[in-house]
Amino acid sequence: MADVDALFGDEDVILKKFSDAAGVLRMKEREKIRKVMERFEKKFPQLFLSIYVGAFDDVPNLRQFGFWLLNRAAYSDVGVDRPNENGILLVLDVNGKTAAMTFGYAVMPYLDEDSTFDALSAAHPFLLQGEYLKAFKAVVSKTEMALKKG
């Protein structure tokens, strides 16, 4: 944690589960994404899903940033019954058209490198076209399948 704190800071960040810091999504898309997230949490009430959309210029490793953000985020819309170790974070870089997924320690028995790669791969063609809603839906669908197997 000290290494990523040195890169991104050691202060907690107050966030909501869905953050469009890049401002690329329309209101209708944001509402649809929130509904996808709500459905996910109804299926997996012990977990929460977070999505952070940013336009990064100087982030050398998006996955490191995601790890840092999941550990440093104080989610204002997540109950205390769902600590960050029960979270799954999708970070999207609209400048680089890349995405990374990070998950907490409680999720590790159910997700791994292969399952997150599969989820992100399903979203890749949509990300290249700027179809973020379709990309999010693809990631969530593949992630749900992996969690159900676990």
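The values are calculated or read from the model by the stated rules, or taken from the named source; none is laboratory data. As the structure is a computational prediction, the values presented were derived from the model and not from experiment. Because the Cβ atoms are built from the backbone with ideal geometry, glycine has one as well, and the counts that use them run over all protein chains shown. Protein only, heavy atoms only, side chains kept; ligands, DNA and RNA dropped before computing areas. Shrake-Rupley method; radii C 1.70, N 1.55, O 1.52, S 1.80 Å.
Counting 0.36 nm for each residue step from Arg30 to Asp81 and taking away their Cα separation leaves a gain of 15.9 nm. Applying the criteria of a DSSP loop state and at most 14 other Cβ atoms within 10 Å to the trypsin sites (Lys or Arg not before Pro) of the range 26-96 yields Arg26. Lysine pairs in the range 7-52 whose alpha-carbon atoms fall under 16 angstrom of each other, counting only those eight or more residues apart or on distinct chains, come to 7. Across the range 87-102, coupling constants 3J(HN,Hα) worked out from phi with the 6.51/-1.76/1.60 Karplus curve, θ = phi - 60°, read x, 10, 10, 9, 10, 10, 9, 6, 6, x, 6, 10, 9, 9, 10, 10 Hz, and Gly and Pro carry x.
At 37 °C and 0.692 mPa s, what whole-number value in µm²/s does Stokes-Einstein give for the translational diffusion of the range 12-57, with Rh from the Kirkwood sum over Cα pairs? Estimated diffusion coefficient is 283 µm²/s. Applying both filters, DSSP loop and at most 15 other Cβ atoms within 10 Å, to the GluC sites (Glu not before Pro) of the range 1-105 gives Glu11. Please build a GNM for the chain, connecting alpha carbons under 10 Å apart, and tell me which residue among Tyr75, Tyr110, Tyr132 fluctuates the most. The residue with the greatest mean-square fluctuation here is Tyr110.
Protein heavy-atom accessible surface, 1.4 Å probe, per residue over the chain: 55 Å². The helix-only estimate of mean residue ellipticity at 222 nm for the chain, built from DSSP H runs of length n ≥ 4 each weighted as -39500 (n - 2.57), is -15000 deg cm²/dmol after division by the residue total. Taken along its three principal axes, the alpha carbon spread of the chain comes to 34, 33, 30 Å, from the longest extent down to the shortest. Across the accessible surface of the range 1-46, with the other protein chains kept in place and a 1.4 Å probe, carbon and sulfur atoms take up 50 percent.
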